[in-house]
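Novice: Structure in structure tokens, see below.
Computed from the coordinates by the stated procedures, all read-outs in this text should not be read as laboratory data. Here the structure is a predicted model, which is why all the values come from computation and not from measurement. Reconstructed Cβ throughout: ideal geometry from the backbone, glycine too, with neighbour counts over all protein chains shown.
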Amino acid sequence: MRPCLMPSTESLRVRKTLEKESIDPNRTLRQERQEWADHSATLPLAEGVFLEETRHSSVECLWIKPKTAKSGLILYAHGGGLVSGSPITHRAFASHLAQATGRAVLLPQYRLLPEHPVDAPLEDMIAVYEAMLATSLPASSIALTGDSNGAALALSTAIALRDQGKPRPSCLISLSGAFDATLSGASIKSKSDVDPMLSDKVLYHWQRLFDGLVEPHNPILSPLFANLHGLPPSLLFAGNDEVWLNDTTRMTDALHNAGNAVTQAIYPDMWHVWPMWTELPESQTVLAHINRFLDATLDA
């Protein structure tokens, strides 16, 4: 599905302010993480939500809850290439997601690469999911969601749950999913000059962060290469101008070919994970689409 939309005046204005990521050899990964967290901590939250820090199965988590919540839970795997990001970096967007859907959002602080093994983030997501089931929340009321490589982690979590014979979540939602860490998608290069935020050079640098730790085609990092049968309904968003575009289009085809229900929405002129700019009309459209999808898939 391709929304018949022209870019809004607001998105064109914001796009002009975006700075393309660059590689600074004098900046450590720890510094990059801290700068992102410091900036994100200043961002305002949506009205009518409250935050609660908690721990589930030894994993620190952040609850973001609307004051009056519908049933169901959005279990959200934050983006950041699995090497960066945290509940703090994504709490502002998650607050708008909670407000728009009327549902609680749970952000696990999963362990990051490269200081932890590649299966650590997956283990943490599964542990939190199982902790939710232990509270008597049915799996049919849980939506696995994520952005960028967090979307890949959410999908890998659903695959692992299937393989372990555990109850499957109600649905999957991806925002600008990065499903192929081998960077074999055509748009990695073809959109590199068009993408206002990312480039192929930045992604090749990201690959080197876990060089020697795990092969890029490992299905945890690259669920595009996993067995995709028997997964819940999926909703995938991407921007037409982002380097990760073909990861969404290829994953849509792969999920469909494996017999799964899948819906794709590509937004013209938009960049990587643009819904985080929640003031944009395009972002509000995405949030409304997610809300309708959750209403249709989550058990009441």
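Novice: Tell me whether the stretch 155-267 comes out rounded, prolate or oblate; compute the Cα gyration tensor, take square roots of the eigenvalues as a ≥ b ≥ c, and use a/c under 1.5 as the rounded threshold.
Specialist: Values: a/c = 2.48, a/b = 1.37, b/c = 1.81.
Since a/c reaches 1.5 but b/c is at least a/b, the shape of the stretch 155-267 is classed as oblate.
Novice: Separate question: Using the count of nearby Cβ atoms within 10 Å as a rough guide to exposure, how do Ile64, Ile126, Ile74 rank from fewest to most?
Specialist: Arranged by neighbour count, lowest to highest, Ile64, Ile126, Ile74 become Ile126, Ile74, Ile64.
Novice: Can I ask one more? As a footprinting exposure proxy, order Val59, Val243 by other Cβ within 10 Å, with the fewest listed first.
Specialist: Values: Val59 18, Val243 28.
Placing the least packed residue first, the sequence is Val59, Val243.
Novice: Pull up the DSSP beta bridges for the chain and report the antiparallel fraction as a percent, rounded to 5. Could you put the intermediate results ahead of the total?
Specialist: Numbers: 12 of 35 bridges.
Counting DSSP beta bridges with both partners in the chain, the antiparallel share is about 35 percent.
Novice: Rank Leu161, Leu97, Leu153 by mean-square fluctuation in a GNM of the chain with C-alpha springs under 10 angstrom and give only the top-ranked residue.
Specialist: The residue that fluctuates most here is Leu161.
Novice: Counting Lys and Arg as +1 and Asp and Glu as -1, what is the net charge of the other residues whose Cβ lies under 11 Å from the Cβ of Gly72? Don't skip to the end; give the middle numbers.
Specialist: Values: positive: Lys70, Arg103; negative: Asp295, Asp299.
Once positives and negatives cancel, what remains is 0.
Novice: Let a ≥ b ≥ c be the square roots of the eigenvalues of the Cα gyration tensor of the stretch 111-179; is it rounded (a/c under 1.5), or, if not, prolate (a/b larger than b/c) or oblate?
Specialist: oblate
Novice: Follow-up. Please give the calculated 222 nm ellipticity per residue for the chain, where each DSSP H segment of at least 4 residues contributes -39500 (n - 2.57) and the sum is spread over every residue; nearest 500 deg cm²/dmol?
Specialist: Working: 9 runs with 111 residues, N = 300.
Theoretical 222 nm ellipticity from helices: -11500 deg cm²/dmol.
Novice: Listed here are the pairs Lys16/Lys191; Lys16/Lys201; Lys65/Lys201; which of them are more than 28 Å apart at the Cα? Don't skip to the answer; put the middle values down first.
Specialist: Working: Lys16/Lys191 17 Å; Lys16/Lys201 21 Å; Lys65/Lys201 38 Å.
Table pairs above 28 Å Cα-Cα are Lys65/Lys201.
Novice: Pull up the cross-link candidates among the aspartates and glutamates for Lys166, meaning alpha carbon to alpha carbon under 17 Å and not fewer than 8 places away within one chain.
Specialist: Lys166 reaches Glu123, Asp124, Glu130.
Novice: Arrange Thr17, Thr182, Thr278 by Cβ neighbour counts within 10 Å, fewest through most, would you? Display every interim value, and only then the final one.
Specialist: Numbers: Thr17 8, Thr182 15, Thr278 19.
By the 10 Å Cβ count, ascending: Thr17, Thr182, Thr278.
Novice: List the longest stretch of the chain that has no exposed loop site; here a site is one of the GluC sites (Glu not before Pro) assigned by DSSP to anything other than H, G, I, E or B, with at most 14 other Cβ within 10 Å. Walk me through the numbers on the way to the answer.
Specialist: Working: sites that count: Glu19, Glu47, Glu115, Glu279.
Between the exposed loop sites, the longest stretch runs 116-278.
Novice: Under the classification rounded if a/c is under 1.5, otherwise prolate if a/b is larger than b/c and oblate if not, where does the chain fall, given a ≥ b ≥ c as square roots of the Cα gyration tensor eigenvalues? Write out the running numbers ahead of the final one.
Specialist: Values: a/c = 1.22, a/b = 1.14, b/c = 1.07.
Rounded is the answer for the chain, as its axis ratio a/c remains below 1.5.
Novice: With springs only between Cα atoms under 10 Å, which of Asp247, Asp119, Asp163 fluctuates most in a Gaussian network model of the chain?
Specialist: Among Asp247, Asp119, Asp163, the largest GNM mean-square fluctuation belongs to Asp163.
Novice: If you don't mind, another one. Given a 10 angstrom Cα cut-off, can you work out which residue in Ile220, Ile23, Ile142 is the most mobile in a GNM of the chain?
Specialist: Checking each option, the largest mean-square fluctuation is seen for Ile23.
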